[in-house]
Amino acid sequence: MNIKRFAILGAVFGALLLPATFSAASAEEEISLPKQDWSFSGPFGSYDKASAQRGFQIYKEVCSACHSMKLGYYRELAGIGLSEAQIKAVAAEQTFPTIGDDGQPAERPGTPADHFHSPFPNDKAARAANNGALPPDQTLLTNAREGGADYIYALLTGYEDAPAGVKLGDGMNYNKYFPGHQIGMAAPLSDDRVEYADGTKATLKQEAHDVATFLAYMSNPELETRKRLGLRILMFLAALTCVTYAVKRQIWSDVHH
Amino acid sequence: MVGLHKSEFKNPVINWIDTRLPLFTMMSKEYGVFPTPKNFNYFWNFGALAMVNLVIMIVTGIVLAMNYDPNTGNAFESVERIMRDVNYGWLLRYVHANGASMFFIVVYIHIFRGLYYGSYKKPRELLWMIGVVILLLMMATGFMGYVLPWGQMSYWGATVITNLFSAIPVVGDSIVTLLWGGFSVDNPTLNRFFSLHYLLPFVIVGVVFLHIVALHITGSNNPLGIEPKDKQDTLPFHPYYTIKDSVGICVYLMVFAVLVFFAPGFFGDPANWTPANPLVTPAAIVPEWYFLPFYAILRAVPDKLGGVLMMFGAIAVLFVLPWLDTSPVRSAKFRPIYRLLFWVLIVCCFVLGAVGAHHPEGIWVILGRVCTAYYFLHFLVLLPLLGKFEKTLPLPESISQAVLPAAAE
C-alpha cells in the first residue's frame, strides 16, 4: 500500500521543514538562550509554588515599581499557594479610585477581585518616569517573548559591561540577550537584592529563576488544570481509539481487501 | 396519495414524517446504503475530518463570540478575560485557535490526496472546483479570525494583507478604504472583520453542502482511480465507512488534544500576546503558517501587482486543473512520472512555506523564485504535456479484481 510511504515521507518532510518554518521569524537576531530547567515544562509539569511565591516577592519589591500587571487579578495568587487572608492583605495594600457615597472621587482599598495595581496612571506617565522607555506590562510577558521564561531568566542575568566599540545611548544599558543589546532598564536584580522570607539564599540566579517562574504562572495560570485535563482526555481518547479500531476490524472482517 | 413519498420505514412516527418530508429516506440513501468503493485507504478520512473540524469551529466560535468585544479598546482585554474569567474559556479559545491550524492541516491533506489520485478529473470537475471555493472561503475566514484578538500580529497582518488590494489598478485604493471602513486599520475594520468572520463559516456550510451533493452525484473516487463496475466493487457507506471514519476521527482528536493541552502556542506568534500598537512595527510581520507558501509567492515577484496576481494565480490554477491535466488516467499509482512530480510539488510547497517564514534575503530570495516558477511550471506546462507523453501502467479490470486478483480469475 501507499499509506506507509506517504506517512514516512510526510514525517520526514515535516521533521525537516517544520522547525525551520516556525522558528524563523527573527532570522537576523540569532541569540541562543541558555535553557533552564523549569518545574512547569513537560506534560506533567506544575509550578514550583515556593519558587513562584519568592518570585512574587521580587515582583512586589522590585518589578512592580515600574511594570504593570494589569490583566492579572490578585485572586490568581491562590494558584501559587497564597491563602485567602494573605491575598486579601496583599490587595488591601493598594488603593483604587472609586466614587464615594457623596458622589465625589474617593479611594478604596484593593480586593482580591481587583486587577494588579499599576505603578503609573497611563503609558505616557510611565515613559516620562523611565527615560522615554515604556516598561512592558508583565501579565503575558513570558508568552509574548520568543523563549518564554528562558528569555526572562537570560535577560535578568545577561547584563554586562558594553564591549569595546559599542556606544550606548544616554541612560541605556548593555544586555547580551536583549534584541539590539541596548536596554532602557538598568539591571534590576543582583545578589541579595531581596531578603527571602523562607530563608533561601538570594543569589542573582535564584532571583531570576524565581521571578521567571512567577511571571510564567501569571501568563498561564491555567497551565496545571490544562495539562491535568489533557492527560485524562488523551487517556480516554487512546482507549476510544483502540475500541473503535477493534470494532472496525470486526465489521470489516467479512470484506476481502 | 398524490405527492406523498412512499416510505419504507416501519415505525409509524418516522413513516408519517418520512412520507411528508423524506429526510429519513434521504439520510439512509446518502449515508446508509450509499454505495462506496471498497478500496478506500485512510486518506479518504479527511473529508469527514474537515466536516467535524468545521462543526468544532462553529460551536466554539459561537460561545467565544458571546464573550468577545470587537472594539479596538477592549478586544485584547476581552480575549484575556475569556482566558482567565470565563469557565473553561482558555479551553474554548485554545480549541478554536488551534482548530484553525488543524482545519488547514486536514484540508491541505484532503487537497493533496485529490491531487495524487486524480480526484478532480471528469466527471468530478465541479466537485473539485467547489472544493477550491471552500479553500478560498476558509482563507478569508482564517485571516479575519486572526485579526480579532487585536494583538500586534493581528494588526500588522491585517495592514499588510488589506494593503495588497491597493495594487489593483484604478479601484485599488477605494477597495482598501472600503475594507478598512476608513483610512487605516482601525475600529471599523475590526467591527466588519468580526461580522464577516461570523458570517463566512455559515457560507462555508452552504458550499460544503453543495460539495457533498456533487460528491453523491458522481460518487467517490478511489485509490485505483477507476469507476466501480458492480456491487462487488462497493460497500454500503454504513457501517463500513462510518466506522472507518470514526477511527480516523479518534486519531485526529488525539493530535488535536496534544496541541490544545500541551502546546497551545505551537502555531502561534509570541508577538500576538502584545496588544496592537499602530506606532510600533514588529521586527518581522509573518502570517499564520497556512498562508506562508502563498506569502512566499507574493514576495517572489519584485512587483506589487505582479506578486498579488501570482498569489491569486496559485489558487486560480487549481480551479482549471481538471483541464490542465490531460491524462486520462486518474491515480498516480499508474502514472510513474506524475507520481514523481507530485512529490516534487510537495517539496516545492514546503520550501515555499519555509521561504515565507524568512526574511527575503540571500538564499531565501532565490529559493522563493525558483519554487514559485516551478509551482506554475508544474500546473501550466508539465501537467498538460505529461498527458501526451507519459507511458501509464495498465489499469486493473475492476476494483475487486485489483483487490482480490486470485478470486477474479
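Got a sec? Which of B:TYR290, B:TYR295 is more than 20 Å from A:PRO179 (Cα to Cα), within 12 Å of chain A (Cβ to nearest Cβ) and open to solvent by less than 20 Å² (accessible area, probe 1.4 Å)?
Only one candidate passes the filter, namely B:TYR290.
Here is a list: B:LEU340, B:LEU367, B:LEU352. Which entry is assigned by TED's automatic domain parsing to the domain that holds B:VAL320, touching a Phe, Trp or Tyr at 6+ places or on another chain (Cβ under 9 Å) and of a type outside the set (Gly, Ala, Ser)?
B:LEU352
Only one of these is within 14 Å of chain B (Cβ to nearest Cβ) and not in a helix (DSSP H, G or I): A:PRO188, A:PRO179. Name it.
A:PRO179
Could you check how many residues of region B:1-54 are in a helix (DSSP H, G or I) and open to solvent by 80 Å² or more (accessible area, probe 1.4 Å)?
So the answer is 9.
So is B:PHE267 part of a loop (DSSP other than H, G, I, E, B), modelled with pLDDT of 95 or more and of a type outside the set (Asp, Glu) or not?
Answer is yes for this residue.
Can you spot a residue in region A:210-222 that is in a loop (DSSP other than H, G, I, E, B), touching an Asp or Glu at 6+ places or on another chain (Cβ under 9 Å) and loosely packed, with under 14 Cβ neighbours inside 10 Å?
Among the residues of region A:210-222, not one is in a loop (DSSP other than H, G, I, E, B), touching an Asp or Glu at 6+ places or on another chain (Cβ under 9 Å) and loosely packed, with under 14 Cβ neighbours inside 10 Å, which makes the answer no.
Return the residues of region B:259-268 that are surrounded by fewer than 19 Cβ atoms within 10 Å (Cβ to Cβ) and either within 7 Å of another protein chain (Cβ to nearest Cβ) or closer than 26 Å to B:ASN39 by Cβ (or both); say none if nothing qualifies.
B:PHE262, B:GLY265
Can you confirm whether region B:220-230 contains a residue that is crowded, with 22+ Cβ neighbours inside 10 Å, within 14 Å of chain A (Cβ to nearest Cβ) and within 23 Å of the chain's Cα centre (by Cα)?
Checked region B:220-230: at least one residue is crowded, with 22+ Cβ neighbours inside 10 Å, within 14 Å of chain A (Cβ to nearest Cβ) and within 23 Å of the chain's Cα centre (by Cα).
Quick test for you: out of B:ALA271, B:ALA276, pick the one residue that is assigned by TED's automatic domain parsing to the domain that holds B:LEU115, in contact with a Pro (Cβ under 8 Å, 6 or more places away or on another chain) and open to solvent by less than 30 Å² (accessible area, probe 1.4 Å).
Every option except B:ALA271 fails the conditions.
Answer yes or no as to whether B:LEU341 is open to solvent by 70 Å² or more (accessible area, probe 1.4 Å) and under 20 Å from B:ILE111 (Cα atoms).
No; evaluated as a whole, the condition is false for this residue.
Which of the residues that make up region B:78-102 are among the hydrophobic types (A, V, I, L, M, F, W, C), within 12 Å of chain A (Cβ to nearest Cβ) and under 20 Å from the mean Cα position of the chain (by Cα)?
Passing the criteria: only B:VAL95.
Mind checking whether some residue in region A:92-99 is touching a strand residue (DSSP E or B) at 6+ places or on another chain (Cβ under 9 Å), in a loop (DSSP other than H, G, I, E, B), acidic (Asp, Glu) and not assigned by TED's automatic domain parsing to the domain that holds A:LYS176?
For region A:92-99, residues touching a strand residue (DSSP E or B) at 6+ places or on another chain (Cβ under 9 Å), in a loop (DSSP other than H, G, I, E, B), acidic (Asp, Glu) and not assigned by TED's automatic domain parsing to the domain that holds A:LYS176: present.
Conditions tested, residue by residue: (1) crowded, with 16+ Cβ neighbours inside 10 Å; (2) of a type outside the set (Phe, Trp, Tyr); (3) touching a Leu at 6+ places or on another chain (Cβ under 7 Å).
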site	(1), (2), (3)
A:PHE44	no, no, no
A:LYS49	no, yes, no
A:SER64	yes, yes, no
A:GLU76	yes, yes, no
A:LYS88	yes, yes, no
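Within the set of pairs 6 or more residues apart or between chains, which connect a residue that is within 14 Å of chain A (Cβ to nearest Cβ) and in contact (Cβ under 8 Å) with a residue 60 or more places away in the chain inside region B:320-334 to a residue that is open to solvent by 60 Å² or more (accessible area, probe 1.4 Å) and hydrophobic (A, V, I, L, M, F, W, C) with Cβ atoms less than 7 Å apart?
B:PHE334/B:LEU393; B:PHE334/B:LEU395
Okay, residues lined up against (1) part of a helix (DSSP H, G or I); (2) open to solvent by 40 Å² or more (accessible area, probe 1.4 Å); (3) within 30 Å of A:LEU231 (Cα to Cα); (4) within 12 Å of another protein chain (Cβ to nearest Cβ):
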{"site": "B:VAL207", "(1), (2), (3), (4)": "yes, no, no, no"}
{"site": "B:HIS216", "(1), (2), (3), (4)": "yes, no, no, no"}
{"site": "B:LYS244", "(1), (2), (3), (4)": "yes, no, yes, yes"}
{"site": "B:TYR252", "(1), (2), (3), (4)": "yes, no, yes, yes"}
{"site": "B:ALA257", "(1), (2), (3), (4)": "yes, no, yes, yes"}
{"site": "B:THR281", "(1), (2), (3), (4)": "no, yes, no, no"}
{"site": "B:VAL286", "(1), (2), (3), (4)": "no, no, no, yes"}
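Can you name the residue in region B:177-205 that is farther than 27 Å from B:LEU54 by Cβ and of a type in the set (Ser, Thr, Tyr) and is also nearest to the other protein chains (Cβ to nearest Cβ) among such residues? Please lay out each step first, then the result.
Initial filter on region B:177-205 (farther than 27 Å from B:LEU54 by Cβ): B:177-178, B:180-188.
Now narrow it down to the ones that are of a type in the set (Ser, Thr, Tyr): B:177, B:184.
Values: B:THR177: 29, B:SER184: 20 Å.
Residue satisfying both the conditions and the ranking: B:SER184.
Looking only at region A:131-146, filter to residues that are under 13 Å from A:PHE214 (Cα atoms) and outside any helix (DSSP H, G or I); which one of those is nearest to the other protein chains (Cβ to nearest Cβ)?
Among residues in region A:131-146 that are under 13 Å from A:PHE214 (Cα atoms) and outside any helix (DSSP H, G or I), the one nearest to the other protein chains (Cβ to nearest Cβ) is A:LEU140.
Can you find a residue that is surrounded by fewer than 16 Cβ atoms within 10 Å (Cβ to Cβ), away from chain B (no Cβ under 14 Å) and in contact (Cβ under 8 Å) with a residue 40 or more places away in the chain anywhere in region A:223-246?
Within region A:223-246 (the criterion being surrounded by fewer than 16 Cβ atoms within 10 Å (Cβ to Cβ), away from chain B (no Cβ under 14 Å) and in contact (Cβ under 8 Å) with a residue 40 or more places away in the chain), the answer is no, since none of the residues qualifies.
If I filter region A:103-122 for residues that are within 12 Å of chain B (Cβ to nearest Cβ), part of a helix (DSSP H, G or I) and not aliphatic (A, V, I, L, M), do I get at least one hit?
No; the residues of region A:103-122 include none that is within 12 Å of chain B (Cβ to nearest Cβ), part of a helix (DSSP H, G or I) and not aliphatic (A, V, I, L, M).
Which condition does A:ARG249 not pass, out of (1) surrounded by fewer than 17 Cβ atoms within 10 Å (Cβ to Cβ); (2) farther than 30 Å from B:ASP233 by Cβ, if it passes all the others?
For A:ARG249, the failing item is (2).
Could you list, in sequence order, the residues of region A:174-209 that are open to solvent by 60 Å² or more (accessible area, probe 1.4 Å) and on the phi > 0 side of the Ramachandran plot?
Within region A:174-209, A:ASP192, A:GLY199 qualify.
The values are calculated or read from the model by the stated rules, or taken from the named source; none is laboratory data. On a predicted model such as this, the values are computed, not experimentally measured, just so you know. So basically every Cβ, Gly included, is an ideal-geometry build from the backbone, and we count neighbours across all protein chains shown. To get the accessible areas, we keep the full protein, side chains included, count just its heavy atoms, and leave off ligands, DNA and RNA. Shrake-Rupley method; radii C 1.70, N 1.55, O 1.52, S 1.80 Å.
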